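Okay, structure first, notes after.
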Amino acid sequence: MNSNSFSALLKQPQFLRFWFARLVGILANQMLMVALAWHVYDMTSSAWDLGLVGLFQFIPALVMTLPAGHVADRVHRGRLFAVCMLADALVAVLLVWGVQGDFATRELMFALSVVLGVARAFQMPAQQAITPMLVPTSLLQPAIALSSSGVQVAVIGGPALGGLLYVLGPTTVYLSCAVLLTLAFVLTWWVVLPHTQAAQKAASWRTVMAGVVFVCERQVLLGAMALDLFAVLLGGATALLPIYARDILHVGPEGLGLLRGAPALGALVVSLILARWPMQRHVGHRLLWAVGVFGLATVAFGVSESFWLSMLALAVTGAADNISVVTRLTLMQMETPEDMRGRVAAVNGIFIGASNQLGEFESGATAAWLGPVESVVLGGLGTIVVAVLWLRLFPQLANRDRMQ
């Protein structure tokens, strides 16, 4: 496919409106989470409290994900995403009020963290299931790639912008988040979804779990999701970046910020390439090759003592991981009927959440046992082994030729 698909994508007004709303919303979410964590640490100087902020967001997001997927398949997904943006905006307004009224306590921060976690649980399956409703099937892969590029821009820019605004005081960043999230709410509320929602069915354990059953019965979907789970679980070195920045590369906090941004930068570049020139053939083998490259780049980062070589290796991990992300999400949307996309996206969200959270724990535990370098290198080698094993364990995925 040539660049005509990219040009055609830019002529889809509803998709572009949602793309911008999603970009603004995720940017504000990133700003809000960073500012909230900094605010708690400023107040308490407690690393434990800092960890609790993340925990209070993660647990409700994990618990509510499957029910949220069921809801996303029953209601207007655009309105559901918009309501999540509004809930986040109200959290930002309450934080502004709390700072100005001098009642922004740690307990209030923890309570609002729970609200953010619940909102995120409903936001994720809704936003993943909306894109296929806004573009024709022929444009789905470039649409997902372009959406991924927007996410990477938000992930790179959100924390940095939040940190800069926090210098002016927490009120400034919270108020900015409230404005941006309200804008995302307004834009999304008026997105026109051309497809009719499926007829509503009474909620039951069977309907809520239908996404899990659907994925387990389809080797391509199960293999793609499990591949990402094990690759990130074994190969993710993000949790150890502070150790590398201070003790191995000796670059300080400024270097740590650059190291954290390197994977997102690599992912951004690849997502823009895939949006313009989507993969057409041998997608299964390319997916496994991308995971193998991710593992090799992780090993290179693990043994590197050069800051710029480490930056390059991390950028390659982000690029390779984004190939996996775009391929997995495209296959997921292609293989899933419209009335199941919310619940399948929820299952995918559980895989992603588990890989990120457990991956950080695995990296930390292995580093404490073997050392940071050994932990990263072993994880990278494990990722390569997983890519090889998937050739035999999931032949339908490995031999998949085209997306559709």
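Bear in mind these aren't lab numbers, they're just calculated from the coordinates by the rules spelled out. Because the structure is a prediction, the values reported are computed rather than measured. Positions of Cβ are generated from backbone atoms using ideal geometry, with glycine treated the same way; all protein chains shown enter the neighbour counts.
Worth a mention:
- Seen from ALA82, the other residues with C-beta closer than 15 Å to its C-beta sum to a net charge of +4, counting Lys and Arg as +1 and Asp and Glu as -1.
- Cα-derived Rg to Rh of region 91-172, Kirkwood definition: 1.12
- When the Cα positions of GLY342, ALA245, ALA231 are compared along the charge dipole of region 207-404, GLY342 comes out farthest toward the positive end, with charges on each C-beta of Lys, Arg, Asp and Glu.
- Whole-Å distance, taken between Cα centres, linking region 212-246 and region 41-115: 25 Å
- Expressed as a fraction of 2.2 N^0.38 Å, the C-alpha radius of gyration for the chain is 0.96.
- Principal axis dimensions, region 207-404 - Cα atoms, whole angstrom, descending: 51, 36, 29
- Centre-to-centre, using Cα atoms only, region 272-309 and region 313-334 are separated by 8 Å.
- Ratio of Rg to Rh over region 1-190 (Cα coordinates, Kirkwood Rh, two decimals): 1.01
- Using equal-weight Cα scatterers in the Debye expression, the normalised intensity of region 275-317 in log10 at q = 0.20, 0.23, 0.30 Å⁻¹ is -0.66, -0.75, -0.93.
- Evaluated over region 1-105, the Cα radius of gyration and Dmax, each in Å: 18.2, 57
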